[in-house]
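Working notes, beginning with the structure itself.
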Amino acid sequence: MVLVFIDQQDGHIKKSSFEAASYAAKIAEITGTTAEGILLGTVNDEVATLGNYGLTKVHTLAEANLNNFDAQVYTKIIAAAAETADVVVFSNNTTGKAIAPRLSVRLKAGLIAGAAALPDLSNGFTVKKTVFSGKAFANITVNTAKKIITLNPNSFNVITTGGTAEVVALNMTPDAPKVQVVSTDLVKGEVPLGEADIVVSGGRGLKGPENWGMITDLAHLLGAATACSRPVADINWRPHHEHVGQTGLAIAPNLYIAVGISGAIQHLAGVNRSKTIVVINKDPEAPFFKAADYGIVGDAFEVMPKIIAAVKALKAS
Amino acid sequence: MKILVCISRTPDTTAKITFSDNNTKFETAGVQWIINPYDEWYALVRAIELKEADPTTILHLINVGGAESEPIIRKALALGGDEAIRVNTETSDSFNIASQIAAVAKEGGYDLIFTGKETIDYNGSSIGGMVAEMLDLPYISHAIKFDLDGANAVVVREIDGGEETDKASLPLVVSCQKGMAEQRIPNMKGIMGARTKSLKVVEAVAAEDYTSIASFDLPPAKSGVKLVSAENPEELVRLLHEEAKVF
């Protein structure tokens, strides 16, 4: 059996979990077994609809105190549910990164952190993962009987099957958490950067935080997340969680639009897995053009209003 | 208060990444080595600040690696810390590395263990969580702020789409990232002092490699940029819509 951790936040199943479920279902298909989910805490969503992503069964423990996330408490419950699992899948997000290493120790299962593709079973169990912050891939062979994989967001296509999952309540009492969540502060109404299909990003070329309207306007029109380069976060023009690059977040959206970013090697490392890269920069020598699919050599202050108007017209048509 | 900070040696952020031996080995020729930035800028500097606030704090550094790690360990000691421990083994497997750190930590009886949120070479984000499980301790990952409130830690961590404030009792394992502290440059007094600080080399405990590297690949090269005139940015929107089909 392949077990996938279904991550929830604020009463809703995270979008990245649909991708992880599809990935788990595909591994189950190629290894001739079934895929099941595990969902901890309470959600408003219909859990059985996870069958649409290929899961035959979802184990739930709908205890409100599990909405208080403690990786240690979660690990113990998931380990019990994973007793008959050959592979356990997580999204490679902040929750997955907190639980998967603990589970690896508990289950004596080798961990692939940040998988970029399905396992290759032709010679053992080998998975391609990103290394050197996106500058390369490593093919890692897992030597243990059980395997744990955390899947990079936006690296596997969601597959819908129209199926319905059987929902089974786990008969367990969670341990008292040692980590108490005092408060959460979610940025409402914005697309989380790690999960976004489209990202619009700005650099020092925008000259100051007061000019970010062109970035956020285009992002809103496209349903995109906003990001920035490291210098911009360092001088506090933008919040540091928007920083993408080698020492920030590594992302892989379908479309990455970089405005006024020169494309230093550290920045490229965090974005070069994007499927389509668009660069707008007035310096024709900017290294970013070498990594781009489309580009405009021009002044962002003149080009961006025209792009925004054209997208607006397109969306209205 | 006794703190252990885990320090890894990684290629510099500007290092050119290439592979040798039929793409099975990372090519180290010409590579500059640094302390993993998350370990140095955030985990180590925040630990040093805690020691500055309470000088009775004992601050130890640990590195799992060969003798070639010693220059970066000395650099870390030049920033701060009382002594360093190097576990003399070379492995790329997280479980093995975590087993070495857990063995030392068990002996040392630390109240706090800090790691960086990940290393910039293997990007595993695994060591903190593994060490916590081996020692049966709570673990808070992706910390952007850390303060002590009596016997408790108050930690702000990054979560998807926002932040969360947690409270936990010690001992505790924390992985650190941007926000925890500001990067420091070692001063002359620190560099001179680091020469005489203790750097203890211990042999590795027996531990399995749960994983091994079969080979590396470089990402496929881009076929070349399609440039659109700045006079006609509308053409870019048309290409993205009709050719790339991204919106």
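Tell me whether the range A:225-242 contains one or more residues that are assigned to a strand (DSSP E or B) and touching a Pro at 6+ places or on another chain (Cβ under 8 Å). Let's see the steps before the verdict.
So in the range A:225-242, the residues assigned to a strand (DSSP E or B) come out as A:225-228.
Right, trim to touching a Pro at 6+ places or on another chain (Cβ under 8 Å) and you get A:225.
The answer is yes; a qualifying residue exists.
For the structure I just gave you, tell me whether residue A:255 is at pLDDT 95 or above and at the interface with chain B (Cβ under 8 Å from one of its Cβ atoms).
Answer is yes for this residue.
Pick out, from the range B:33-128, the strands (runs of 3 or more DSSP E) lying fully within it that include 2 or more residues that are at negative phi and surrounded by fewer than 24 Cβ atoms within 10 Å (Cβ to Cβ). Give the steps one after another, and end with the answer.
On the way: elements: B:33-35, B:58-64, B:83-88, B:112-116.
Where strands (runs of 3 or more DSSP E) fall fully within the range B:33-128 and carry at least 2 residues being at negative phi and surrounded by fewer than 24 Cβ atoms within 10 Å (Cβ to Cβ), they are B:33-35, B:58-64, B:83-88.
Being surrounded by fewer than 16 Cβ atoms within 10 Å (Cβ to Cβ) and either farther than 12 Å from residue A:162 by Cα or within 20 Å of the chain's Cα centre (by Cα) (or both) is the filter here, so list the residues in the range A:35-63 that pass it.
The answer is A:42, A:44, A:45, A:46, A:62.
In this structure, does residue B:144 turn out to be surrounded by fewer than 24 Cβ atoms within 10 Å (Cβ to Cβ), at the interface with chain A (Cβ under 10 Å from one of its Cβ atoms), within 16 Å of the chain's Cα centre (by Cα) and not in a helix (DSSP H, G or I)? Give the derivation first.
Working: surrounded by fewer than 24 Cβ atoms within 10 Å (Cβ to Cβ): yes; at the interface with chain A (Cβ under 10 Å from one of its Cβ atoms): yes; within 16 Å of the chain's Cα centre (by Cα): yes; not in a helix (DSSP H, G or I): yes.
So residue B:144 passes the test.
Just to be sure I understand, how many residues within the range B:224-247 are more than 8 Å from every other protein chain (Cβ to nearest Cβ) and closer than 30 Å to residue B:26 by Cβ?
Of the residues in the range B:224-247, 1 are more than 8 Å from every other protein chain (Cβ to nearest Cβ) and closer than 30 Å to residue B:26 by Cβ.
Quick one: which residue in B:221, B:214, B:206, B:168 is within 12 Å of chain A (Cβ to nearest Cβ), surrounded by fewer than 17 Cβ atoms within 10 Å (Cβ to Cβ) and of a type in the set (A, V, I, L, M)?
Numbers: B:214 fails: surrounded by fewer than 17 Cβ atoms within 10 Å (Cβ to Cβ); B:206 fails: within 12 Å of chain A (Cβ to nearest Cβ); B:168 fails: surrounded by fewer than 17 Cβ atoms within 10 Å (Cβ to Cβ).
The unique qualifying residue is B:221.
Search the range B:224-247 for residues that are more than 17 Å from residue A:275 (Cα to Cα) and pair each with any residue that is part of a helix (DSSP H, G or I) and not basic (Lys, Arg) when their beta-carbon atoms are under 6 Å apart and the residues are at least 6 apart or on different chains.
Within 6 Å, the pairs are B:228/B:235; B:228/B:236; B:230/A:303; B:233/A:303; B:233/A:307; B:234/A:310.
Would you mind stating whether residue A:104 is modelled with pLDDT of 95 or more, in a loop (DSSP other than H, G, I, E, B) and either within 26 Å of residue A:193 (Cβ to Cβ) or not assigned by TED's automatic domain parsing to the domain that holds residue A:246 (or both)? Can you show your working first?
Numbers: modelled with pLDDT of 95 or more: yes; in a loop (DSSP other than H, G, I, E, B): no; either within 26 Å of residue A:193 (Cβ to Cβ) or not assigned by TED's automatic domain parsing to the domain that holds residue A:246 (or both): yes.
Judged against the criteria, residue A:104 is not a match.
Can you name every residue in the range A:21-64 that is of a type in the set (A, V, I, L, M, F, W, C), more than 28 Å from residue A:128 (Cα to Cα) and part of a loop (DSSP other than H, G, I, E, B)?
Within the range A:21-64, A:43, A:62 meet the criteria.
The values are calculated or read from the model by the stated rules, or taken from the named source; none is laboratory data. For clarity, every value in this text was computed on a predicted model and none was experimentally measured. Because the Cβ atoms are built from the backbone with ideal geometry, glycine has one as well, and the counts that use them run over all protein chains shown.
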